[in-house]
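Everything below concerns the one structure shown next.
The values are calculated or read from the model by the stated rules, or taken from the named source; none is laboratory data. Please read these numbers as outputs of a predicted model, since none were measured by experiment. Cβ atoms come from the backbone with ideal geometry, glycine included; neighbour counts cover every protein chain shown.
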Amino acid sequence: MKHIKTYFSQTIGTKSGDIVIEGPVPSEILKKLKFHSGLDAFREPEEQFEALLEIAELEEGRIIIARKDDLIVGYATFLYPDPQERWSEEEMDDLLELGAIEIAPEFRNIAISKNILVVSMMDPYMENYIVITTEYYWHWDLKTSGLDIWEYRKVMEKTMSAGGLQWYATDDPEITSHPANCLMAKIGKNVPLSSIDKFDKLRFKYRFMY
């Protein structure tokens, strides 16, 4: 499958000034930007920035960023699922995972996450993919947000819906280990039935086991 990436952007006005949401951004452009020190949810900021550069260089990789001037204050990543995860077992070239979405603390609660997902799906080529995200409550920033698990889940679902993702059932043990965890996905209108069937097999690996 050929991966075609078309750049899109939009500017949103916030109390912190104009924020540009744009992407997919290639690594050569990312290297010219600064990375907010508060983007440390997954690893140290310097290491996370290096990870974004690596993803941007992947054939299928997509990095969507939010920036204030030349400072990256938020991002989302799209790439193939980790080879160790069940979602890679069918080796589907038209299944991408929203691997991470993160916003610097002082730029939260101004709809940046929602707008990142909107821009992510502006590219019509995204209709050729099944896009998934696996949400686990232990990854959520409950302490900083002040929300409980179910309040956070509601906010997360609303955010993901901005990109067209919706809840899908699965028997994945990690997801079913807690009722707040969930699988969300968007099946593009150009995705063939054969790929949808493979996705269904991945969602329910234990359907015929007794």
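In the range 141-185, counting only helices (runs of 4 or more DSSP H) that sit wholly within it, the ones holding 3 or more residues that are out of contact with any helix residue (DSSP H, G or I) (no Cβ under 8 Å at 6 or more places or on another chain) span 149-161, 173-176. When restricted to residues that are outside any helix (DSSP H, G or I) and surrounded by fewer than 15 Cβ atoms within 10 Å (Cβ to Cβ), the range 186-201 contains 3. For the range 105-133, which residues satisfy the criterion of being modelled with pLDDT under 95, on the phi < 0 side of the Ramachandran plot and part of a loop (DSSP other than H, G, I, E, B)? ARG108, ILE110 - these are the residues of the range 105-133 that are modelled with pLDDT under 95, on the phi < 0 side of the Ramachandran plot and part of a loop (DSSP other than H, G, I, E, B).
So the check is Cβ under 6 Å with 6+ separation or different chains; which pairs have a first residue in the range 148-164 that's surrounded by 15 or more Cβ atoms within 10 Å (Cβ to Cβ) and a second one that's charged (D, E, K, R) and part of a helix (DSSP H, G or I)? Sorted first by the residue in the range 148-164, then by its partner, the pairs are THR159/LYS114; ALA162/LYS114. Hey, GLU47 hits all of (1) part of a helix (DSSP H, G or I); (2) surrounded by 15 or more Cβ atoms within 10 Å (Cβ to Cβ) but one; which does it fall short on? Going through (1) part of a helix (DSSP H, G or I); (2) surrounded by 15 or more Cβ atoms within 10 Å (Cβ to Cβ) one by one, GLU47 breaks only (2). Selection of the range 1-19 for residues being farther than 21 Å from GLY99 by Cα, in contact (Cβ under 8 Å) with a residue 12 or more places away in the chain and not hydroxyl-bearing (Ser, Thr, Tyr) yields GLN10, ILE12, LYS15, GLY17, ASP18, ILE19.
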